[in-house]
Amino acid sequence: MVFDGLLSNNVVDPKPKVSIAHLNGLRLPAHAEYFLRVDNEQQLFEGIVWATSRDLPVTVVGEGSNTVAHPFVRGLVIQIATLGLKLLHDDGCKLTVRAAAGENWHVFVSWTIEQGLYGLENLALIPGTVGAAPVQNIGAYGVEVASRIRGLRVCDLTNGEVSNLSPQDCQFAYRDSRFKSTDGKRFIILSVDFMLDRSAESILNYPELARALVDTTPTPSNVFDAVVALRRSKLPDPEILPNVGSFFKNPSVSSEQAQHVRREWPEMPQYPTASDRVKLSAGWMIDQLGWREATGQTGIGIYSQHALVMVNHDCGHTEDVLSLAAAIVASVEAEFAITLEMEPSIIGNPTD
Ligand code: EPU
């Protein structure tokens with residue numbers, strides 16, 4: 001148990017009332033009751049013991065790029081900033097690389113490309129950290145990160161046990177995993193093991209990506225470049241216009257429902273999945289209802305070039321984000337009889 005003996009030797013010193021505006025993607029004004037940034041696992045374990053011995057809840061963030069924060073987050077907010085890459089296995093064709101949870105996702109993907117390794121190139125430029133990637137099973141341009149995860153090292157907050165989880169243990173699904181459930185929230189991800197290839201077929205089933213590479217032989221490097229260019233053309237840079245990427249998940253419906261939707265709205269994009277379910281385009285629905293043109297008085301609005309992305313133009317607050325989200329959900333429900341689900345994680349509690 002990694003917590004054993006830490007109470008008496010505890011050297012971490014969390015700071016009270018620290019702004020975490022830089023640790024939520026929409027840059028909403030928010031404070032942590034206590035805050036600690038950890039550069040190694042020992043500090044993390046000490047931070048957890050510091051909080052639990054004071055009966056304070058622990059909230060873990062990476063860079064907060066997919067997080068919406070309430071104005072006050074009670075307890076200890078720990079920012080995981082642990083770094084490190086380690087080659088675990090290399091048979092000449094296939095490799096397993098372990099990345100620490102605090103590594104920046106895009107920096108890590110760029111490193112795999114520099115090594116000539118396939119597997120993560122479609123996931124270039126996604127904001128956030130390695131440790132956050134499995135939580136919402138990040139996905140883009142035909143690839144979900146779960147397809148490249150061999151396993152994870154986690155620490156159980158409740159007892160200090162460090163263990164390995166298999167992909168099956170993680171219950172990955174579209175933009176979802178066990179780590180989003182009440183049961184899974186007890187795990188803190190320490191590192192992630194990725195399966196990479198020295199050669200592989202590029203995944204080009206996203207039409208715009210295939211078009212961008214039509215005259216070339218795909219390599220990890222030019223798929224990576226094309227994905228970076230595509231994302232830059234479609235999505236706002238969070239450093240310039242704060243956002244959390246897609247604000248809603250694409251809803252998944254039964255094939256019968258999808259047929260009904262196709263009859264009523266033949267233009268709405270539909271994406272069949274491996275199961276019997278069909279994903280519908282939330283961006284298309286929100287766009288049809290005119291939300292892209294809507295600029296509120298609150299500074300929070302919908303990105304002019306993509307209806308699935310909420311942005312903070314100027315000094316917006318959490319309540320503005322949640323009320324705009326509720327208005328969008330209600331309008332989509334009224335028009336399409338479909339209930340949209342928010343995609344980012346929420347930290348804190350409105351009543352604290
Ligand atoms: N569309 C509109 N109007 C809009 C936006 C989209 O009509 O304002 C329609 C268009 O027909 C477009 C279609 O929606 O062709 C799909 O749009 P896009 O290709 O941008 O994909 P998405 O379904 O909106 C998903 C992911 C993105 C990922 C892209 C590409 C989710 C929730 N979002 O978006 O992920 O980059 O596919 O694979 O699944 C993220 O999770 O933060 C994210 C950006």
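The values are calculated or read from the model by the stated rules, or taken from the named source; none is laboratory data. Here the structure is a predicted model, which means the values were calculated and not measured. Because the Cβ atoms are built from the backbone with ideal geometry, glycine has one as well, and the counts that use them run over all protein chains shown. SASA here: full protein model, heavy atoms, side chains in, ligands and nucleic acids out. Shrake-Rupley method; radii C 1.70, N 1.55, O 1.52, S 1.80 Å.
The single condition among (1) more than 9 Å from the ligand (Cβ to nearest atom); (2) part of a helix (DSSP H, G or I); (3) within 18 Å of A132 (Cβ to Cβ) that R231 does not satisfy is (1).
With V311, V261, V223, V253 as the choices, which residue is touching a residue at least 24 places away in the same chain (Cβ under 8 Å), open to solvent by less than 50 Å² (accessible area, probe 1.4 Å), more than 11 Å from the ligand (Cβ to nearest atom) and touching a helix residue (DSSP H, G or I) at 6+ places or on another chain (Cβ under 6 Å)? Unique residue meeting the criteria: V223. Quickly run through the stretch 231-250 and pick out the residues that are in contact with a helix residue (DSSP H, G or I) (Cβ under 8 Å, 6 or more places away or on another chain) and either among the acidic types (D, E) or surrounded by fewer than 20 Cβ atoms within 10 Å (Cβ to Cβ) (or both). Correct list: K249 only.
Restricting the stretch 292-308 to residues that are more than 9 Å from the ligand (Cβ to nearest atom) and not small (G, A, S), the residue that is modelled with the highest pLDDT is I300.
Taking V321 as meeting all but one of (1) away from the ligand (no atom under 14 Å from the Cβ); (2) open to solvent by 40 Å² or more (accessible area, probe 1.4 Å); (3) of a type in the set (A, V, I, L, M), write down the number of the exception. Unmet for V321, out of (1) away from the ligand (no atom under 14 Å from the Cβ); (2) open to solvent by 40 Å² or more (accessible area, probe 1.4 Å); (3) of a type in the set (A, V, I, L, M): (2). Determine whether the stretch 30-39 contains at least one residue that is outside the structural domain of V130 (by TED's automatic domain parsing) and at positive phi. No; the residues of the stretch 30-39 include none that is outside the structural domain of V130 (by TED's automatic domain parsing) and at positive phi. Being farther than 17 Å from I189 by Cβ and either out of contact with any helix residue (DSSP H, G or I) (no Cβ under 6 Å at 6 or more places or on another chain) or not charged (D, E, K, R) (or both) is a description that applies to G119.
What residue, of S163, S199, S191, is hydroxyl-bearing (S, T, Y) and over 22 Å from A81 (Cα atoms)? Lay out the reasoning, then the answer.
Working: S163 fails: over 22 Å from A81 (Cα atoms); S191 fails: over 22 Å from A81 (Cα atoms).
Going through S163, S199, S191 in turn, just one is hydroxyl-bearing (S, T, Y) and over 22 Å from A81 (Cα atoms): S199.
Each residue in the stretch 144-172 was checked for being modelled with pLDDT under 95 and within 16 Å of the ligand (Cβ to nearest atom), and 0 of them qualify.
Checking the conditions here, which among T216, T273 is over 26 Å from S65 (Cα atoms), in contact (Cβ under 8 Å) with a residue 40 or more places away in the chain and among the hydroxyl-bearing types (S, T, Y)? Break it down into steps so the answer makes sense when it comes.
Values: T216 fails: in contact (Cβ under 8 Å) with a residue 40 or more places away in the chain.
Of the residues listed, the single one that is over 26 Å from S65 (Cα atoms), in contact (Cβ under 8 Å) with a residue 40 or more places away in the chain and among the hydroxyl-bearing types (S, T, Y) is T273.
On the basis of being modelled with pLDDT of 95 or more, outside the structural domain of G316 (by TED's automatic domain parsing), out of contact with any Phe, Trp or Tyr (no Cβ under 9 Å at 6 or more places or on another chain) and over 25 Å from N222 (Cα atoms), does H89 make the cut? Answer is yes for this residue. Restricting the search to helices (runs of 4 or more DSSP H) fully inside the stretch 238-352 and requiring at least 1 residues that are closer than 30 Å to V61 by Cβ gives 282-288, 318-336. On the stretch given as the stretch 209-220, residues that are part of a helix (DSSP H, G or I) and either within 15 Å of the ligand (Cβ to nearest atom) or open to solvent by 60 Å² or more (accessible area, probe 1.4 Å) (or both) total 4. The criterion of at least 1 residues that are within 18 Å of A101 (Cβ to Cβ) and open to solvent by 60 Å² or more (accessible area, probe 1.4 Å) is met by the following strands (runs of 3 or more DSSP E) wholly inside the stretch 1-68: 31-38.
So, of the residues in the stretch 264-291 that are among the hydroxyl-bearing types (S, T, Y) and under 22 Å from the mean Cα position of the chain (by Cα), which turns out to be farthest from the ligand (Cβ to nearest atom)? Within the stretch 264-291, the match that is farthest from the ligand (Cβ to nearest atom) is T273.
The requirement of being open to solvent by 10 Å² or more (accessible area, probe 1.4 Å) and within 16 Å of the ligand (Cβ to nearest atom) is fulfilled nowhere in the stretch 81-89; no residue meets it.
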